[in-house]
Amino acid sequence: VAIYSNEDTYSLFRTKADEAYLVGEKNALLLTISKAVLSGLLFGNLTVILYNLAGALISFFTMALMKKSGRFHLPVISAVGGAMHNTGQLLVACVIVSTYGIVYYIPFLLIAGLGTGMVIGSVAVLVLPAARKGMNGGNRG
């Protein structure tokens with residue numbers, strides 16, 4: 001069984017698999033929503049689900065648009081995604097607590113989101129080529 005993205009359509013691991021499943025934007029969105037809801041149900045409550053969904057959806061659509069544009073590298077897309085995730089959660093917090101005083105957290109949350117997103121995107125840039133090579137039947141030593 002192979003689970004692949006559009007970039008791996010002609011990869012050896014996909015063509016040799018008995019079954020192969022494309023994880024496109026639609027499936028990635030479904031996975032994002034499912035993760036947000038399930039983690040809220042398992043580890044929180046309705047409020048946690050709202051925070052999860054807001055952050056995940058704003059982040060997802062922002063990163064999808066950036067990727068489609070073809071203008072941005074993965075670390076930049078990931079960094080902006082992290083910042084947008086925190087922004088989405090902060091917007092929900094403003095509504096839930098009925099005060100906009102918490103917007104003072106924006107600079108700290110943006111820095112944290114940009115930083116963690118940049119690290120995750122940079123690690124992905126380093127790991128993805130090796131993972132693709134391994135899945136394509138690369139060095140098996």
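The values are calculated or read from the model by the stated rules, or taken from the named source; none is laboratory data. Everything numeric here is computed off the predicted structure, so don't read it as measured data. No Cβ is skipped: glycine too gets one built from the backbone with ideal geometry, and neighbour counts run over all protein chains shown. Ligands, DNA and RNA are stripped out before the accessible areas are found, and what is left, the full protein with its side chains, is counted by its heavy atoms. Shrake-Rupley method; radii C 1.70, N 1.55, O 1.52, S 1.80 Å.
Pairs only if they're at least six apart or on different chains, beta carbon under 8 angstrom, first in segment 40-54 and more than 15 Å from residue 87 (Cα to Cα), second among the β-branched types (Val, Ile, Thr) and assigned to a helix (DSSP H, G or I); list them, first residue then second.
Going by the 8 Å Cβ cut-off, the qualifying pairs are 40/48; 40/49; 41/49; 47/96; 49/37.
Picking from 30, 41, which residue would you name as being of a type in the set (A, V, I, L, M, F, W, C), open to solvent by 40 Å² or more (accessible area, probe 1.4 Å), more than 18 Å from the chain's Cα centre (by Cα) and modelled with pLDDT of 85 or more? Before you say what the answer is, go through the steps one by one.
Values: 30 fails: more than 18 Å from the chain's Cα centre (by Cα).
That would be 41, the only listed residue that is of a type in the set (A, V, I, L, M, F, W, C), open to solvent by 40 Å² or more (accessible area, probe 1.4 Å), more than 18 Å from the chain's Cα centre (by Cα) and modelled with pLDDT of 85 or more.
Please state which of the following conditions residue 78 fails to meet, knowing it meets all the rest: (1) in contact with a Leu (Cβ under 7 Å, 6 or more places away or on another chain); (2) crowded, with 21+ Cβ neighbours inside 10 Å; (3) under 21 Å from residue 108 (Cβ atoms).
If we test residue 78 against (1) in contact with a Leu (Cβ under 7 Å, 6 or more places away or on another chain); (2) crowded, with 21+ Cβ neighbours inside 10 Å; (3) under 21 Å from residue 108 (Cβ atoms), just (1) comes out false.
Identify, please: which residue in segment 44-74 is among the small types (Gly, Ala, Ser) and in a loop (DSSP other than H, G, I, E, B) and is, among those, least open to solvent (accessible area, probe 1.4 Å)? Step through it out loud before you land on a result.
Narrowing segment 44-74 to residues among the small types (Gly, Ala, Ser): 44, 54-56, 59, 64, 69-70.
Then keep just the ones that are in a loop (DSSP other than H, G, I, E, B); that gives 44, 70.
Working: 44: 39, 70: 66 Å².
Within segment 44-74, the match that is least open to solvent (accessible area, probe 1.4 Å) is 44.
On the given criteria, is residue 112 part of a helix (DSSP H, G or I), open to solvent by 40 Å² or more (accessible area, probe 1.4 Å), closer than 16 Å to residue 55 by Cα and free of Cβ contacts under 8 Å to residues at least 40 places away in the same chain? Spell out the reasoning first.
Values: part of a helix (DSSP H, G or I): yes; open to solvent by 40 Å² or more (accessible area, probe 1.4 Å): yes; closer than 16 Å to residue 55 by Cα: yes; free of Cβ contacts under 8 Å to residues at least 40 places away in the same chain: yes.
Answer is yes for this residue.
For residues in segment 65-101 being farther than 21 Å from residue 50 by Cα and in contact (Cβ under 8 Å) with a residue 24 or more places away in the chain, which is nearest to the chain's Cα centre (by Cα)?
My answer is 78.
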